[in-house]
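Asker: For reference, the structure I am asking about is given below.
The values are calculated or read from the model by the stated rules, or taken from the named source; none is laboratory data. Model, not experiment: these values are computed from the prediction. Note: ideal-geometry Cβ built from the backbone for every residue, glycine included; neighbour counts use all protein chains shown.
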Amino acid sequence: TQLLEQSPQFLSIQEGENLTVYCNSSSVFSSLQWYRQEPGEGPVLLVTVVTGGEVKKLKRLTFQFGDARKDSSLHITAAQPGDTGLYLCAGARAGGTSYGKLTFGQGTILTVHP
Amino acid sequence: EAQVTQNPRYLITVTGKKLTVTCSQNMNHEYMSWYRQDPGLGLRQIYYSMNVEVTDKGDVPEGYKVSRKEKRNFPLILESPSPNQTSLYFCASRSWGGRTGANTGELFFGEGSRLTVL
């Protein structure tokens, strides 16, 4: 069972469209990160959210951390072909012996057609 | 240039033949971790290390060993590889922000090691 459920797994859209990727869990996370990965490379960090309800913007990308710190979303406005890639959310579990453990979602493969 | 270096990048081996995937970082990071990436499953954490001589299991540690004798190196050892360990492996590192800053730092990933076990 995946601790972090990411949806959709595949997204194919036209340039200029908007999209949202979701990352959901029944567990509470102390922080959540979003990474983007291109073929043949390792993931690269886009953002870290720490506070429940937090919203961060990175140009056309908007990231939100749920109030209860169990879910997050990534919204892309006016997608461009350069946004094509694999998007991964990663949650750090809160407290106890979980320090150092990072759980990734299954990933969303985004393809933006010109 | 700040980087995480993994070797080998590609390896085909046979069941039972011990192998080691090396990982080295030049950023003086305390924290290092190994992940495997399989289609539809995202990245799953194998082992991590918060500092020299401190290692702990991730979510899928079975069949793997690690060691952290030096701060910069964190090798992944497969004592007796099996076909279900065929995967793409990533090593990553980051600064350790202490207990209050734990897990909020940027993870820097290597380029990956594609392993095939026949």
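Asker: Out of the residues in segment A:25-41 meeting the condition of being modelled with pLDDT of 95 or more and either more than 12 Å from chain B (Cβ to nearest Cβ) or surrounded by fewer than 22 Cβ atoms within 10 Å (Cβ to Cβ) (or both), tell me which one is nearest to B:Gln6 (Cα to Cα).
Answerer: Per the stated criteria, the residue is A:Gln37.
Asker: Could you tell me whether any residue of segment A:62-75 is facing chain B (nearest Cβ under 8 Å), part of a strand (DSSP E or B), in contact with a Gly (Cβ under 9 Å, 6 or more places away or on another chain) and not small (Gly, Ala, Ser)?
Answerer: Filtering segment A:62-75 for residues facing chain B (nearest Cβ under 8 Å) gives none.
There is no residue in segment A:62-75 that is facing chain B (nearest Cβ under 8 Å), part of a strand (DSSP E or B), in contact with a Gly (Cβ under 9 Å, 6 or more places away or on another chain) and not small (Gly, Ala, Ser).
Asker: Next up: Output the residue which, of all residues in segment B:47-59 that are of a type in the set (Asp, Glu) and in a loop (DSSP other than H, G, I, E, B), is nearest to the other protein chains (Cβ to nearest Cβ). Steps first, please.
Answerer: Going residue by residue through segment B:47-59, those that are of a type in the set (Asp, Glu) are B:53, B:56, B:59.
Add one more test, that the residue is in a loop (DSSP other than H, G, I, E, B), and what stays is B:53, B:59.
Values: B:Glu53: 14, B:Asp59: 7 Å.
So, considering only residues that are of a type in the set (Asp, Glu) and in a loop (DSSP other than H, G, I, E, B), the one nearest to the other protein chains (Cβ to nearest Cβ) is B:Asp59.
Asker: Related question: Scan segment A:14-21 and give yes if some residue there is within 14 Å of chain B (Cβ to nearest Cβ) and touching a residue at least 24 places away in the same chain (Cβ under 8 Å), otherwise no. Break it down stepwise before answering.
Answerer: Here is the first cut: in segment A:14-21, the residues within 14 Å of chain B (Cβ to nearest Cβ) are A:21.
Still in the running and touching a residue at least 24 places away in the same chain (Cβ under 8 Å): A:21.
Yes, segment A:14-21 contains a residue that is within 14 Å of chain B (Cβ to nearest Cβ) and touching a residue at least 24 places away in the same chain (Cβ under 8 Å).
Asker: Working carefully through the options A:Lys70, A:Lys57, find the one that is over 24 Å from B:Gln6 (Cα atoms) and without any contact (Cβ under 8 Å) to a residue 12 or more places away in the chain. First the steps, then the outcome.
Answerer: On the way: A:Lys70 fails: without any contact (Cβ under 8 Å) to a residue 12 or more places away in the chain.
Selected residue: A:Lys57, the only one of A:Lys70, A:Lys57 that is over 24 Å from B:Gln6 (Cα atoms) and without any contact (Cβ under 8 Å) to a residue 12 or more places away in the chain.
Asker: To continue, here is another question. Going by the conditions given, is B:Ile12 β-branched (Val, Ile, Thr), away from chain A (no Cβ under 13 Å), surrounded by fewer than 12 Cβ atoms within 10 Å (Cβ to Cβ) and not in a loop (DSSP other than H, G, I, E, B)?
Answerer: Numbers: β-branched (Val, Ile, Thr): yes; away from chain A (no Cβ under 13 Å): yes; surrounded by fewer than 12 Cβ atoms within 10 Å (Cβ to Cβ): yes; not in a loop (DSSP other than H, G, I, E, B): yes.
Judged against the criteria, B:Ile12 is a match.
Asker: B:Ser87: more than 22 Å from A:Leu32 (Cα to Cα) and buried (at least 16 other Cβ atoms within 10 Å of the Cβ), yes or no? Please lay out each step first, then the result.
Answerer: Values: more than 22 Å from A:Leu32 (Cα to Cα): yes; buried (at least 16 other Cβ atoms within 10 Å of the Cβ): yes.
Yes, satisfied.
Asker: Suppose we filter A:Gly52, A:Gly82 for residues that are surrounded by fewer than 20 Cβ atoms within 10 Å (Cβ to Cβ), assigned to a loop (DSSP other than H, G, I, E, B) and out of contact with any Gly (no Cβ under 6 Å at 6 or more places or on another chain); which single one remains? I'd like the intermediate steps shown before the answer.
Answerer: Numbers: A:Gly82 fails: assigned to a loop (DSSP other than H, G, I, E, B).
On inspection, the qualifying residue turns out to be A:Gly52.
Asker: Determine if segment B:2-22 includes at least one residue that is out of contact with any Lys or Arg (no Cβ under 7 Å at 6 or more places or on another chain), modelled with pLDDT under 95 and of a type in the set (D, E, K, R).
Answerer: No, the conditions are met nowhere in segment B:2-22.
Asker: Mind listing whichever residues of segment B:31-46 are buried (at least 18 other Cβ atoms within 10 Å of the Cβ) and either aliphatic (A, V, I, L, M) or more than 10 Å from every other protein chain (Cβ to nearest Cβ) (or both)?
Answerer: Correct list: B:Met32, B:Trp34, B:Arg36, B:Leu43, B:Ile46.
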